[in-house]
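The values are calculated or read from the model by the stated rules, or taken from the named source; none is laboratory data. Just so we're clear, the structure is a prediction, and the values are computed from it rather than from any experiment. Please note that ligands, DNA and RNA were not included when accessible areas were found on the heavy atoms of the full protein model with its side chains. Shrake-Rupley method; radii C 1.70, N 1.55, O 1.52, S 1.80 Å.
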Amino acid sequence: LTDVLKSVPALDIDAQASPTYGGGTLSFLQNVQIHSLGTGSGVETLLVVNGLGFPPQNYTNDTVNPSIIPQIALERVDVLTAGASAVYGSDATAGVINVILRRGFDGAMTQFGVTSSPQVGYVHTQFGQLFGRSWETGNVTVSYTRTDAPSVRTEERAYYTQDFRPWGLQDSR
């Protein structure tokens, strides 16, 4: 979903790859901020799903990550880039990202995608399914997405090192 949102000029989407979360493992989040105002304790960018507030993510509750919604389940995404605190409260001082899910879907759909990185030599796969059934008095829609990204050794990531000798510092390995 964040790949779609990258086309909106008012949004600042930064990929967080922080080794400080999860006991030294890397945490990959897509933090979305409207006008780069941040998502601190005031959560200036508000994420809502079908008009209902969605809590911030991350260990410190300071990240708005709409990518947790399966792409295959999306009908559309509405972005309000002006302050919306009068309607949505103080959590939306920068604006609102409203994710609208599919409703009334009748049938089945499958998506599959593969990307690779020649620099590190791994293959990233994503598989999604959507099932829906409608009848006179209602409907049900179920979606599922699985993403697999294999582990890459830290030696293969130039930015993740404990050997600082090239910069005139110590070797902390």
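Extension gain for the segment VAL140 to ARG165, taken as residue separation times 0.36 nm less the Cα-Cα distance, is 3.1 nm to one decimal. Surface listing: VAL49, VAL140 arranged by accessible area from highest to lowest gives VAL140, VAL49, probe 1.4 Å.
Applying 0.36 nm per residue to the separation of ASN58 and ASP106 and subtracting their alpha-carbon distance, the gain on full extension is 13.9 nm.
Provide the gained length on full extension for the span ASN50 to THR115, in nm with one decimal, where the gain is 0.36 nm per separating residue minus the Cα-Cα distance. Display every interim value, and only then the final one.
Values: separation 65, 0.36 × 65 = 23.40 nm, distance 3.04 nm.
Going from the current span to full extension adds 20.4 nm.
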